[in-house]
1. Considering only residues that are closer than 17 Å to residue 6 by Cβ, surrounded by 13 or more Cβ atoms within 10 Å (Cβ to Cβ) and of a type in the set (Gly, Ala, Ser), which ones fall in segment 233-257?
2. So which residues in segment 164-192 are over 12 Å from residue 278 (Cα atoms) and either of a type outside the set (S, T, N, Q) or surrounded by 24 or more Cβ atoms within 10 Å (Cβ to Cβ) (or both), if there are any at all?
3. Taking interchain pairs and intrachain pairs at least six residues apart, which have beta carbon atoms under 7 angstrom, with the first residue in segment 87-100 and closer than 17 Å to residue 70 by Cβ and at pLDDT 65 or above and the second of a type in the set (Lys, Arg) and outside any helix (DSSP H, G or I)?
4. Can you name the condition, by its number, that residue 234 falls short on among (1) modelled with pLDDT under 90; (2) within 21 Å of residue 67 (Cα to Cα); (3) among the hydrophobic types (A, V, I, L, M, F, W, C)?
5. Which one is farthest from residue 11 (Cα to Cα), of the residues in segment 141-183 that are touching a helix residue (DSSP H, G or I) at 6+ places or on another chain (Cβ under 6 Å) and outside any helix (DSSP H, G or I)?
6. Regarding segment 211-221, can at least one residue be identified that is of a type in the set (Val, Ile, Thr), part of a helix (DSSP H, G or I) and buried (at least 21 other Cβ atoms within 10 Å of the Cβ)?
7. Residue under question is residue 92, and the condition is that it be over 23 Å from the mean Cα position of the chain (by Cα), surrounded by fewer than 16 Cβ atoms within 10 Å (Cβ to Cβ) and assigned to a helix (DSSP H, G or I); does it hold?
8. Just checking, which of 73, 69, 18 is over 24 Å from residue 231 (Cα atoms), assigned to a helix (DSSP H, G or I), of a type outside the set (D, E, K, R) and modelled with pLDDT of 85 or more?
Amino acid sequence: MSKNFQYGGMAVIEGVMMRGPKRTSLAVRKPDGSIEVEEEANSDLASRYPFLKWPFIRGTHVLIDSMVMGIRMLNKSANMSLEEEEEELSTTEIFLTGLFAFALAVLLFVVLPTAIVHFSSNYLGNALSQNIIEGIIRIAFFLLYVYAISKMEDIQRVFSYHGAEHKSIFAYEAGEELKVENVRKYSTLHPRCGTSFLLIVMVISILVFALLGEGDLFYRIWSRLAVLPVIAGLGYEFLKFSGKYYANDWARFLIAPGLYLQKLTTSEPDDSMLEVAITALQAVLELEAQNGLCQESPT
């Protein structure tokens, strides 16, 4: 296998996506109980423009690439999991879904916290205290949002597939044979999870936003949007660093809040979900092996 590559993925509608160095696989449980697998080549943008792999720059590239692929995979999995007679989502519907999701995220986690603090600034002291309070509000909104969607039945299943994805990655990294009985024993909480990344970004944003000073509401909002690439870059490097040294107590201490937050975004999967996650991971490992990027599949 590729020793320097950390395999990862995401949970989708009734399935799991797994990503390797060059290929991505998507496994989805069909209504008839079968598992359908699709695969595709990853974007080679970073290969054509090597500076996108540079530290502190790669985080922004990975974030944007992951968002685009994530939305596309969610919609693809939704179409794959439909009954044959049900109508698939159109390209326009997929685009509008992604646009709405992005706009909602900006509204909830940038505009609203910034506006609340701006209109309360006379009571909140200096710029540093305002940014600390703004960060606390942002994190509170995020926690409330995750908690609210976790109560939705469809999202609960996605969160279970999220747990299955983490378990299968843990088993693979431990050198286990990818079988349900082996994968089942591992934790649903993984140090490189995107949930942890979002929390890290929100904490780092408190420090970075404090350097922006005060201004009118327009300045506050757009200045925060402008430095998001910087924050994403710092957050990504922290996540990579802490994940690399996860075995050390100090690293576990630093990432403990992110792991605890994953208790909201992951849940214990059943064996059928583990089977889907294993199928997705095996598929991408086999694809990479065919391209000479893996020595062999663990199975």
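1. 235, 242, 243, 251 - these are the residues of segment 233-257 that are closer than 17 Å to residue 6 by Cβ, surrounded by 13 or more Cβ atoms within 10 Å (Cβ to Cβ) and of a type in the set (Gly, Ala, Ser).
2. Within segment 164-192, the first condition is being over 12 Å from residue 278 (Cα atoms), and the residues that meet it are 173-175, 185-192.
Once the filter is applied, which keeps residues that are over 12 Å from residue 278 (Cα atoms) and either of a type outside the set (S, T, N, Q) or surrounded by 24 or more Cβ atoms within 10 Å (Cβ to Cβ) (or both), segment 164-192 yields 173, 174, 175, 185, 186, 189, 190, 191, 192.
3. Qualifying pairs under 7 Å: none.
4. Among (1) modelled with pLDDT under 90; (2) within 21 Å of residue 67 (Cα to Cα); (3) among the hydrophobic types (A, V, I, L, M, F, W, C), residue 234 violates only (1).
5. 176
6. no
7. yes
8. 73
The values are calculated or read from the model by the stated rules, or taken from the named source; none is laboratory data. In this text, all values refer to a predicted model and were calculated from it rather than measured experimentally. Positions of Cβ are generated from backbone atoms using ideal geometry, with glycine treated the same way; all protein chains shown enter the neighbour counts.
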